[in-house]
Every structure is written in C-alpha cells, then in structure tokens.
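Beneath this line is the structure, given in structure tokens, with notes to follow.
Since every read-out is calculated from the coordinates, none of them should be taken as a lab result. Please read all numbers here as calculations on a predicted model, not as lab measurements. So basically every Cβ, Gly included, is an ideal-geometry build from the backbone, and we count neighbours across all protein chains shown.
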Amino acid sequence: MKRKRKKNKNYNENQKSFYFEDYLETNQNNRKVLNSSISQDRIYILFFFFFCLVSIFAIKITIVSFKSFEASGYNDKPSQFVVLRRDIIDRNGILLSRNIKSFHAAINPKLIKNKENFLLKLRLNFPNLPIQKVKEDLKKGKYFYLKRGLNQNERERLWSLGEKGIIFEPFQSRIYTHANLYSHVLGQIDYDNFGISGVEKYFDKELKNKKLLFEPLKLTLDTNIQYIINEELNKALITFNASGGAAILMDARNGEVLSLVSLPNFNINMRKSIVDKNYINKITKGVYELGSIFKTFTVALALEKKLVSPNTIIKDIPRSIKCSIHEIADIKTHPKNLSVADILIRSSNVGSTRLAKKIGKDGYKEFFRETSLLDVPKLELEEKGTPFALKWNNKCTLETISYGHGVSVTPLQATATYAALTNGGNLIEPTIVKKEKYLTNKKIISKETSNQINSILRNVVSGKNGTASLADINGYNVGGKTGTSENYQNKKNNMNTFISAFPMSDPKYVFLVMLENPEPAPNLIYNYRGVETKVNRNEAGWNSVYVAGKIIKKIGPILAIKNKEFYINYVAKKSN
C-alpha cells in the first residue's frame, strides 16, 4: 500500500529548485546595477571623446592663428610660394619685373577618350593653335605640351573643356609690368629661369641669389621719365615717318642712366624671338657715324691743347676743299673768316678740318685712348656694340673724323663723352644700377676748357646762327650740338642726332635724341624763334632738335622736383 506523502505547505510542485528562484531575483538586481554602471561609462567615454575633439580643434585654431600672424608680419615673405628670382624696381621703387606662379598646358593622350571631339573643341576655342600638329602628337600617344606659359584666360578656357587629359604643370613665370617700355633694358628669361638678354642676363646670378631673394635689384631708371620720352619718340616716328629712333638721358655727374629708349620696341611678356635687326638696342648695340656732334670733340681738343681760343679767327676758309679723290664741303655758305666758336655754332665742315690739321693724328689718338670711344662701351647690359677701328693710313681720315665722318661709335659712348666735356672734364662710367658710390675715372679736359665748351654749346641753341634753336626751352638753359649723317651699315640711310646738356651754367643732365631715316614734315608748324612757320627740310635741326625740345619741356619739371637740393645750390650760386 502506497504511503501518502505529506504535503509541505512550503512546497511548490512547479518549483524545480530552491536556489533557482533565489538566483533569478539576485540576477535581476545585479543586472539593474550593471546596466546603470554601463550607461554611466558610456556617458563618460562620449564626454571624453567630445572633449578631445574640442581640444584638438581649439589647439589647431590657435596654431593657425599664430602662424597667420607671423606670416603677415615677417617682411611680407610668401609662406608657400617661394620665388626663384628677385624683383627688379626702378629708382623710385616702382615694380618692373617679378616672378609669379604660372602654368604650362600638357596633354596625356591616354586620358583623352574621344580624340576627334577633343580636337574639335580645341579648334573652336583656340583657332591659333597648330591643330594638325596636335593631332599628330595625339596619335603618337606620348605626353606632350599643348602650350607653354598660359595666361589666366587661356587656363580657364582649357579647364572649361572638361578633359582629364589636359594637365596643368605649375612653373614660375616672369612678368614685366610695363611690357614694351623697358624691352631693351630688362631683357627676358627662358622657361628654366635663366636670363637670356638685358639686365636679366647680365645679373643672372645676382637675381637668383637665395640670400637676396627678398631684396629687389634697384635700377637708376625713372619710369615716369621713361614713359614720357618713349611716348614723344613714338609720335616723332609718325610725324617724320622715321624707321626707328632712340634716346638716352644721363646724369652728367655720376653716369646714372635715367632713361634709355630704343624704337621699335616689343612686348617682352610675349616671349617671342626677335630676329629683325631694326629691333636692336640702338643706344648700346648700334654703331653709327653720328656726324657733326664730333665737331665738339675737335674744338675741345684744340682748346685744351692751347692751340686756339674760342675767339681765335680762322681766316680764308673756303667753301670746299679737295682731299684725295673726295671733296669736303659745307652745306651752307659761311663767312670766309670764322672764330673757333663760330665753326662749332655754324657747324662748318671745312673749318673743322682746319682745326684738325692743328691737332694732328697723335692728338686724336690720345683723345680716343683716354675716352675709350673706340672700345666696347661699359654698361650693365649684354647687348653692346664694338666701334670700328680707324684706318689711319687713309689719306683723309684726319680731316673726315674732325666733323664725324669715317668714325663710328655707339650713342652711349658719345653721350658719356659729352657728359665729361660739360661736367668740368671728368670722365664718368655709365650705369643703370643704383650704387652707394660712383667713381670718376679721370679728367680728360680742364675745367676752363669745359666752361668754354658749355658757352659755345649754349650759343648753338640760343644764338642767331645756331643750328638747334628749336631746343631753346625757356627756363632750362639748354645747350647742344646737331649731327646729320649716314648710317654706317647702309649708306642710303641717314641718322639725325641732337645731343644736349642742361642747365649749361652747371650741367646736370646730358640728353641724346636720334632719329633713323626721318623724312621732312612740310605740314608741321614749327615755332622758330617765336614765329610760326613751315619748312621742307630734313636736317637734325628740324626733327631731332624739335623732338628733344618737346621732351625737355615735359621732363624738366620732374627733374627739378627730384633734384631740389641741386637747384637750390644752383640758385644760391647765381645770387652770389
């Protein structure tokens, strides 16, 4: 018989284990505590993460702020773009040349999917490109340059084509802020940053000196004066239908070149190869017979050697003389008896030959040796001409060089020698770079002779018999000498020159103006000694002198302002 089990009031038939129920209750409590702990940890982690982000951004902003401040206050040096070449500025600090970031356009044919479509877009947008050559280069499948030295407009237009195969290669380009104005002075550089002409070539190493990259090269040139002379000279080419022209303004005391213009000029930003000889630097490279301006040298030599005085009368001067098979004559009829001063004022060829006979070959040889007139000129440019050697064995050499025929020099050399004759006799060395000190080489004539020459040159302009009356600008006390001659390299061409100095009481500047192959301007109204007139003549007195007078009238006030101290001293001397 089965024994009945006693029921325990605490016994639950569904209960599996006493500990099971207790475990569940304990676990639930622990889970609550655990969940609470995990939630708090997550909050701490998130807070720490965001705190770190904020801290990083704050530190970064602080660093960038300090860097920006330093970059803007450290001599304006670029923080990322480091130039490879120094700036070039004029005497007043005006920028003339600077390196900038630019681009070449190259083509990777492998990235051009539709080559026919690409060529069509190029033809439509860039009609001047050699499309046939581009097509051939595309077929070769090799990397090639589409165009070097893009301007901003070209780059944007190429970019807008949306072709992955167009690669823009960065490089440093040289820009010239005044384009044509200094083309014969500044020169150019190639795409590899090497100077190939002008100042850029002469000072190539100095301009790439890393220690001086932020110190610009300062020239002696004055942009305002350069602009005025260039503008007036260009007008003269039209007025007199001349094929070319040139001008140089030099400080007569230290050789600083304030302006150097040669026409025609060209835009040096275009980087084109110039092969036409008419585009040479006529002031430094051109070698010419400058004609009657050489009579000044002849008279100065005769005076310096005490062979004559300005008032010495040279008697019985014929209208013409025979020299070997050649005839030397005067263009105008002059009195038979002329003073030495009048020979220069009236520009007598025959009178000059009479003085040359007194001086002799040795006297001229010594003068050429001391002045270096027949040597390569000294100036900080690569483009310099070499005068032709004189042939002293020729029977008429002595006679012809007395009035400037048979002897050729550069206009630069003639200007430097004139500076010496007018500044008291001190030979100076021309320069286009500002210097702390300027050296005077030597004395070629005495102060007394220089004063005598200045008085005569003033009369060439102001005297009734002078040949340069159109340069007699009121207030500037201009003196000078005209020269009408043939081009040494082409006898069919003529070269009209006027070289002047001012103020003649104590010359500060020497100024040369030259016109190549000018023609008469019969419709031009001249103000000749206060009378309006028209003439149909082609001597230097009617074109080069006219142009020089207009220029001096415009640049005179600028020079006066820039040289207050000089003019104050000048006025003080006059009052004493």
>> At 0.36 nm per residue, and after removing the present C-alpha to C-alpha distance, how many nm does the segment from Leu524 to Ser55 gain when stretched out fully?
In response: 160.8 nm
> Could you put Met514, Met270, Met495, Met504 in order, starting from the residue whose Cβ has the fewest other Cβ atoms within 10 Å?
Replying inline: Met270, Met504, Met495, Met514
>> In whole Å, what are the extents of region 226-575 along the principal axes defined by its C-alpha atoms, from largest to smallest?
In response: 57, 51, 44
> Counting other C-beta atoms within 10 Å, which of Lys135, Lys60 has the fewest, and how do the rest follow?
Replying inline: Lys60, Lys135
> Listed here are the pairs Lys201/Lys378; Lys378/Lys435; Lys295/Lys443; Lys437/Lys554; Lys235/Lys534; which of them are more than 25 Å apart at the Cα?
Replying inline: Lys437/Lys554
> In what sequence do Val257, Val83, Val407 fall when counting other Cβ within 10 Å, fewest first?
Replying inline: Val83, Val407, Val257
>> Starting from 0.36 nm per residue, how many nanometres of slack lie between Leu161 and Lys336 once their C-alpha separation is accounted for?
In response: 54.8 nm
> What FRET efficiency would be calculated for the residue pair Cys323, Lys211, taking the C-beta separation as r and a Förster radius of 56 Å, to the nearest 0.05?
Replying inline: 0.40
>> Taking 20 °C and 1.002 mPa s as the conditions, I'd like the Stokes-Einstein D for region 125-244 in µm²/s, using the Kirkwood hydrodynamic radius from alpha carbon pairs.
In response: 116 µm²/s
